[in-house]
1. Mean residue ellipticity at 222 nm from the helices of the chain, using -39,500 (n - 2.57) per DSSP H segment of n ≥ 4 over the full residue count, to the nearest 500 deg cm²/dmol?
2. For helix 25-43, report the angle its Cα long axis makes with the longest principal axis of the Cα atoms of the chain; keep it between 0 and 90° and round to the nearest 10°.
3. Tally Lys/Arg at +1 and Asp/Glu at -1 over every other residue whose Cβ is under 13 Å from the Cβ of VAL141; what's the total?
4. Compute the helix-to-body angle for 151-160: its Cα long axis versus the longest principal axis of the chain, expressed 0 to 90° and rounded to tens.
5. Which lysines have a Cα lying under 29 Å from the Cα of LYS44, excluding residues fewer than 8 positions away in the same chain?
6. Show me, for the range 56-66, the HN-Hα J-couplings you get by feeding each phi into the Karplus relation (A = 6.51, B = -1.76, C = 1.60, θ = phi - 60°), rounded to Hz, glycine and proline as x.
7. Please work out the Cα center distance from the range 44-90 to the range 111-161, rounded to the nearest Å.
8. Which percent of the accessible heavy-atom area of the range 26-161 goes to carbon and sulfur, probe 1.4 angstrom?
Amino acid sequence: MAMITAALMMLQVLAAPVQAAPVAEAETASVERGLDAMHAAASKADGEAYFASFTADGRFIGTDATERWSLPEFRAYATPYFSQGKGWTYRPTARTVTIAPVDCRCVAWFDEVLDNDAYGTTRGSGVLRLTDDGWKIEQYVLSFAVPNDRARAVVDAIKAD
């Protein structure tokens, strides 16, 4: 049912006028707080708070092409790390949040530039839905930020495997 609701909301977004009214910073602040809380929970290896940031049917798409996880699948992957006190720290350095120009004001998407000690600059992007419990992540995509002048070498390295 949630997938049907999300699909209907996306149709509503697509049918909306192309030019959205400017979104007040106050309106996006609660989305930003939710994303910041998700990152903080991951950094503290707080699995309960981390997974509470997602909708029940949320997805996490990781950097590897095989990493398209439902929330239960991602929880199974991450829980052993969290239970050992091992989390991951991604620090947002820039973020853009857009509230969909639909009457309910209940869909948002974002992209963010992140800093990570192991990977350097990465990018996160995704979609959130406003629920009775606040903004929840429907989908989060983590990707490596590959400079264009190095893309060929990265692609060649991947093809070599």
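1. For the chain, the value works out to -12000 deg cm²/dmol.
2. Result, in degrees: 30.
3. -2
4. Tilt of helix 151-160: around 60 degrees.
5. Hits, sequence-local ones excluded: LYS86, LYS136.
6. Going residue by residue, I get 4, 9, x, 10, 10, 10, x, 6, 8, 4, 8 Hz, with x marking Gly and Pro.
7. The distance from the Cα centre of the range 44-90 to that of the range 111-161 comes to 15 Å.
8. C and S fraction of accessible area: 51 percent.
The values are calculated or read from the model by the stated rules, or taken from the named source; none is laboratory data. In this text, all values refer to a predicted model and were calculated from it rather than measured experimentally. So basically every Cβ, Gly included, is an ideal-geometry build from the backbone, and we count neighbours across all protein chains shown. Just so you know, the surface numbers come from the protein's heavy atoms only, side chains and all, with ligands and any DNA or RNA stripped out. Shrake-Rupley method; radii C 1.70, N 1.55, O 1.52, S 1.80 Å.
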